[in-house]
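Participant: Sharing a structure, written as structure tokens. Questions coming.
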Amino acid sequence: ANRVFHPDDSVINIGQKTIGGKKLAIIAGPCSVESKDQILNIAKNVKKSGAGFLRGGAFKPRTSPYSFQGMKEEGLELLKYAKEKTGLPIVTELMSPNHLDKFVEEVDVIQIGARNMQNFDLLKEVGKTGKPILLKRGLSATIEEFLMSAEYILAQGNEKVILCERGIRTFENYTRNTLDLSAVPAIKKLSHLPVIVDPSHAAGLWWMVEPLSKAAIAVGADGLIIEVHNDPANAKSDGKQSITPDRFHTLMEKLKKLAQIE
Ligand code: PEP
Ligand code: MN
């Protein structure tokens, strides 16, 4: 992942689209896929507003085993359906190597969640695929640990790694996590890999998504991953940090003035 071996920024191709390089990639969608209507409605809306990629969790890493765990295989099917209808490439989290073959076949970008950033066996497995991997920073991972996790994927021959700063655990508890904005320029100095920012999980508060998105662009992020839900108050996960499609639309209008969107 070291820039010494690769002075130019990496650009990752995903279908007709790219992450890294000059344009800002916008990945948007619900925390969890909840129903056919829900994912289709959100996918159509975020596409209309200018998002380039659809996110949605099918297998969910929840803190409590009693919380909604995702629609699993059925959720994947619904994501595929939303992709068919909108053309948006899909980004979703892989939690177990048992589902790897299915993900390789059906998903455009495989997300490795914060809680699995140091699941080295999982990293090695996705490293053996040719799929773009969105690697999220661990809850308390240093930048060096984060880059070493990326290295696990690269060492297996897969260089299509996108890093995601999603906030880290600090003493501050007003926000869900503390967005480490300095990680963006730090990683971009050390590494050629694209770095995107997740303001939704960083803040845990929907109204903070806009200012943190702008800040991420200012520090040089290559993209944003934003949670959008049609009915945040009744979302099965992460409703408090999710913005409505209307609010996403307004946000995109503002971001288009700051960056060229992919
Ligand atoms: C998510 O993207 O919905 C998620 C669970 O994120 P993280 O792994 O960053 O907590
Ligand atoms: Mn979430």
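Only the coordinates and a few stated rules stand behind these numbers; no lab work does. Everything numeric in this text was worked out from a predicted model, so none of it was measured. Note: ideal-geometry Cβ built from the backbone for every residue, glycine included; neighbour counts use all protein chains shown.
Participant: When the helices in the chain are scored as -39500 (n - 2.57) per DSSP H run of 4 or longer and the sum is shared across all residues, what 222 nm value do you end up with, to the nearest 500 deg cm²/dmol?
Facilitator: Roughly -10000 deg cm²/dmol at 222 nm, from the helical runs in the chain.
Participant: Roughly speaking, what is the stretch gain from Trp207 to Gln16, that is 0.36 nm per residue apart minus the C-alpha to C-alpha distance, in nm to one decimal?
Facilitator: Gain on extension, Trp207 to Gln16, equals 65.6 nm.
Participant: Per residue, how big is the convex hull around the C-alpha atoms of segment 3-255? Give it to me in cubic angstrom, could you?
Facilitator: 116 Å³
Participant: Any chance you could run the full-extension gain for Ser140 through Thr170? It's 0.36 nm times the residue separation minus the Cα-Cα distance, nm to one decimal.
Facilitator: 10.0 nm
Participant: When the Cα centres of segment 8-26 and segment 31-79 are compared, how far apart do they sit, in Å?
Facilitator: Computed from Cα coordinates, the inter-centre distance equals 23 Å.
Participant: Using the structure shown, select from Lys72/Lys254; Lys80/Lys236; Lys188/Lys257; Lys47/Lys188; Lys36/Lys124 the pairs with a Cα to Cα distance greater than 26 angstrom.
Facilitator: Violating the 26 Å limit, Cα to Cα: Lys72/Lys254; Lys47/Lys188; Lys36/Lys124.
Participant: Among the chymotrypsin sites (Phe, Trp or Tyr not before Pro) in segment 126-235, which ones are in a DSSP loop with at most 11 other Cβ atoms within 10 Å of the Cβ? Mind listing them?
Facilitator: Loop-located and lightly packed - Phe171, Tyr174.
Participant: As an exercise, identify the GluC sites (Glu not before Pro) in segment 100-182 lying in DSSP coil whose Cβ has no more than 15 other Cβ atoms within 10 Å.
Facilitator: Glu172
Participant: Report the calculated FRET efficiency for Lys257 and Val219 (r = Cβ-Cβ distance, R0 = 22 Å), to the nearest 0.05.
Facilitator: The pair Lys257/Val219 has a calculated efficiency of 0.80.
Participant: Can you pull out the trypsin sites (Lys or Arg not before Pro) in segment 1-59 whose DSSP state is coil and whose Cβ has at most 11 other Cβ atoms within 10 Å?
Facilitator: Taking segment 1-59 and a limit of 11 other Cβ atoms within 10 Å, the loop trypsin sites (Lys or Arg not before Pro) found are Lys22.
Participant: If you average the C-alpha positions of segment 219-262 and of segment 113-144 separately, how far apart do those two centres end up, in angstrom?
Facilitator: 24 Å
Participant: Would you mind calculating the gained length between Val104 and Lys72 on full extension (0.36 nm times residue separation, minus the Cα-Cα distance), in nm to one decimal?
Facilitator: So the chain would gain 10.0 nm between Val104 and Lys72.
Participant: Still on this structure, I have one more. Of Lys48/Lys256; Lys189/Lys256; Lys44/Lys131; Lys23/Lys256, which ones are farther than 21 Å apart at the Cα?
Facilitator: Lys189/Lys256; Lys44/Lys131
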